[in-house]
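Report on the structure given below.
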Amino acid sequence: MERSRIAVAGASGLIGSALVRSLTADGHEVVRLVRRAPRGADEVRWDPGRRQVDPAGLAGCDVVVNLAGAGVGDRRWTPEYKRLLRDSRVGGTAALAEAVAALPEPPRVFVNGSAIGFYGDTGDRVVDEDGAPGDGFLSRLCVEWEEAAAPARAAGVRTVFPRTGLVVARDGGAWGRLFPLFRAGLGGRLGDGRQYWSYIALHDEVAAIRHLIDTEGLSGPFNLTAPEPLTNREITAAMSRVLRRPAVFAVPAPALRAALGEMAGDVLGSQRVVPRRLLESGFRFAFPGIDEAIRAAG
C-alpha cells in the first residue's frame, strides 16, 4: 500500500497500539482519535459515548479504522457497565460512520472492529462468516455494532468487519491475564475444558487487518481467528508445554459463575469459529498453531 493517511480509533488498546506501530513503521501517517484535548496535529478529539466526532478531523484520510470500545472482561457486567460496553461501540461506530459519510471525499475503506461473540455459543459446530448471530448479550451487541456502520456503507465506502477471536498476547486482553498465572504454575482449565477457543496471534491479527485494508474488493465480515480452533483443555496443555510450567489447577464452572456473573457464560461457552473468507482472500497466517502463537507472544 502506498503511503496513506489513516485514522485509528482505539489506538491505545492492545490491537490498536500494535496496528499503529506497524503502520508508522511502514511510513504511513496515523491520526489517533482521542477522548481528551489533542496534543498534536496527529490527534483528533471525539466522544464515542455521545456520538460526536469532527468530520474535519478525518478529512484527507484514506482509511478509517475503528477498534474502540470498553473492555469486555474489565469489569463485572452490571447494567451500567453493559450500557458502557454498548455506548462505546455502537455510539462510536455511528459517530465515525456518519462523519465518514459526510466527507466530500470519503476514505476508500472503513474497517470497523467486531468480535466472534457475534455467533454466541456454537458448541462443537464449526462456524464461518455465514453463521447466524447468537442470542446472548455479546451477540446482540455485535449485531448492533456492525449495523451502526450503515451510513458509511450507504455512502459507498468499502466497509469491513474483522470479527476478532481471543488474541494471544503477553500484555492486554484475556491472554494477558493467563500468562502470569501459567508462569507462576497456577494455570489450568476453565470449567470442564471442553469448550472451543478460537484464538489468533497478535502478529496475525495486525497482519490480517492490514490485509483487509490493502485488498480491494473485500467487504463485510471476516473472522480473525487461527484456522483450527482448540478446546480450552488443549490450550491449557499447550501453555503448560511451551512455558514449561505445570497446569494442574482447574476453576470449576460454579466458581466462575459466582465470580463473573453473566460474563461466565461467555468464558465457559464454546466457539469453534474458522476464518473461511480470510483464507479465501489469500491471507496466510505466520503463527497458525497454538504453540507458535504462544511463543510469538513471548
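Condition check: surrounded by 24 or more Cβ atoms within 10 Å (Cβ to Cβ), in contact with a Gly (Cβ under 6 Å, 6 or more places away or on another chain) and either modelled with pLDDT under 95 or within 22 Å of D214 (Cβ to Cβ) (or both). Does A68 satisfy that? Considered against the rule, which asks whether it is surrounded by 24 or more Cβ atoms within 10 Å (Cβ to Cβ), in contact with a Gly (Cβ under 6 Å, 6 or more places away or on another chain) and either modelled with pLDDT under 95 or within 22 Å of D214 (Cβ to Cβ) (or both), A68 comes out as yes. Flag not set for S114, criterion: surrounded by fewer than 17 Cβ atoms within 10 Å (Cβ to Cβ), within 25 Å of H211 (Cβ to Cβ) and either in contact (Cβ under 8 Å) with a residue 60 or more places away in the chain or touching an Asp or Glu at 6+ places or on another chain (Cβ under 8 Å) (or both).
Of L186, L212, which residue is in contact (Cβ under 8 Å) with a residue 12 or more places away in the chain, under 24 Å from G69 (Cβ atoms) and not hydroxyl-bearing (S, T, Y)? Step through it out loud before you land on a result.
On the way: L186 fails: under 24 Å from G69 (Cβ atoms).
L212 is the lone residue from the list that is in contact (Cβ under 8 Å) with a residue 12 or more places away in the chain, under 24 Å from G69 (Cβ atoms) and not hydroxyl-bearing (S, T, Y).
If the condition is being hydrophobic (A, V, I, L, M, F, W, C) and within 24 Å of R233 (Cα to Cα), then the stretch 115-165 contributes A115, I116, F118, V126, V127, L138.
Kindly indicate whether any position in the stretch 144-155 is surrounded by fewer than 21 Cβ atoms within 10 Å (Cβ to Cβ), modelled with pLDDT of 95 or more, on the phi > 0 side of the Ramachandran plot and of a type outside the set (D, E, K, R). Break it down into steps so the answer makes sense when it comes.
Step one: filter the stretch 144-155 for residues surrounded by fewer than 21 Cβ atoms within 10 Å (Cβ to Cβ), giving 144, 147, 150-151, 153-155.
Narrowing further to those that are modelled with pLDDT of 95 or more: 144, 147, 150-151, 153-155.
Filter once more, so that each one left must be on the phi > 0 side of the Ramachandran plot: none.
So far as the stretch 144-155 goes, no, none of its residues is surrounded by fewer than 21 Cβ atoms within 10 Å (Cβ to Cβ), modelled with pLDDT of 95 or more, on the phi > 0 side of the Ramachandran plot and of a type outside the set (D, E, K, R).
Looking across the stretch 210-232, just one residue is open to solvent by 10 Å² or more (accessible area, probe 1.4 Å) and touching an Asp or Glu at 6+ places or on another chain (Cβ under 8 Å), and that is P221. Filtered by the rule that a residue be over 18 Å from G10 (Cα atoms) and of a type outside the set (K, R), the stretch 82-105 gives A101, A102, L103, P104, E105. From the list L19, L33, the one residue that fits, being within 20 Å of L103 (Cα to Cα) and hydrophobic (A, V, I, L, M, F, W, C), is L33. Taking the stretch 75-93 as the range and being surrounded by fewer than 16 Cβ atoms within 10 Å (Cβ to Cβ) and either among the polar types (S, T, N, Q) or touching a residue at least 60 places away in the same chain (Cβ under 8 Å) (or both) as the test, the residues that pass are R76, T78.
Restricting attention to the stretch 125-177, which residues are among the basic types (K, R), under 28 Å from E292 (Cβ atoms) and in contact with a Lys or Arg (Cβ under 7 Å, 6 or more places away or on another chain)?
Of the residues in the stretch 125-177, the ones among the basic types (K, R) are 125, 140, 153, 158, 163, 170, 177.
With the extra rule that they be under 28 Å from E292 (Cβ atoms), the set shrinks to 125, 163, 170, 177.
Once the filter is applied, which keeps residues that are among the basic types (K, R), under 28 Å from E292 (Cβ atoms) and in contact with a Lys or Arg (Cβ under 7 Å, 6 or more places away or on another chain), the stretch 125-177 yields only R125.
When residues of the stretch 25-41 are filtered for being in a helix (DSSP H, G or I) and either at pLDDT below 90 or acidic (D, E) (or both), how many remain?
At the first step, the residues of the stretch 25-41 found to be in a helix (DSSP H, G or I) are 25.
Still in the list and also either at pLDDT below 90 or acidic (D, E) (or both): none.
The qualifying residues number 0.
Can you tell me which residues in the stretch 6-38 are touching a residue at least 40 places away in the same chain (Cβ under 8 Å), crowded, with 17+ Cβ neighbours inside 10 Å and either of a type outside the set (A, V, I, L, M) or at positive phi (or both)? Passing the criteria: G10, G13, G16.
May I ask you to say which residue of V53, V90 is over 29 Å from R170 (Cβ atoms) and touching a strand residue (DSSP E or B) at 6+ places or on another chain (Cβ under 7 Å)? Give the derivation first.
Working: V90 fails: touching a strand residue (DSSP E or B) at 6+ places or on another chain (Cβ under 7 Å).
That would be V53, the only listed residue that is over 29 Å from R170 (Cβ atoms) and touching a strand residue (DSSP E or B) at 6+ places or on another chain (Cβ under 7 Å).
Taking A132, is it touching a helix residue (DSSP H, G or I) at 6+ places or on another chain (Cβ under 9 Å), hydrophobic (A, V, I, L, M, F, W, C), assigned to a loop (DSSP other than H, G, I, E, B) and crowded, with 23+ Cβ neighbours inside 10 Å? It is false that A132 is touching a helix residue (DSSP H, G or I) at 6+ places or on another chain (Cβ under 9 Å), hydrophobic (A, V, I, L, M, F, W, C), assigned to a loop (DSSP other than H, G, I, E, B) and crowded, with 23+ Cβ neighbours inside 10 Å.
The values are calculated or read from the model by the stated rules, or taken from the named source; none is laboratory data. Bear in mind that the values here come from a model prediction, so they are computed numbers and not experimental data. Methodologically, a virtual Cβ is constructed for each residue, glycine included, from the backbone with ideal geometry; neighbour enumeration extends over all protein chains shown. Remember, those area values only see protein heavy atoms, side chains included, never the ligands or the DNA or RNA. Shrake-Rupley method; radii C 1.70, N 1.55, O 1.52, S 1.80 Å.
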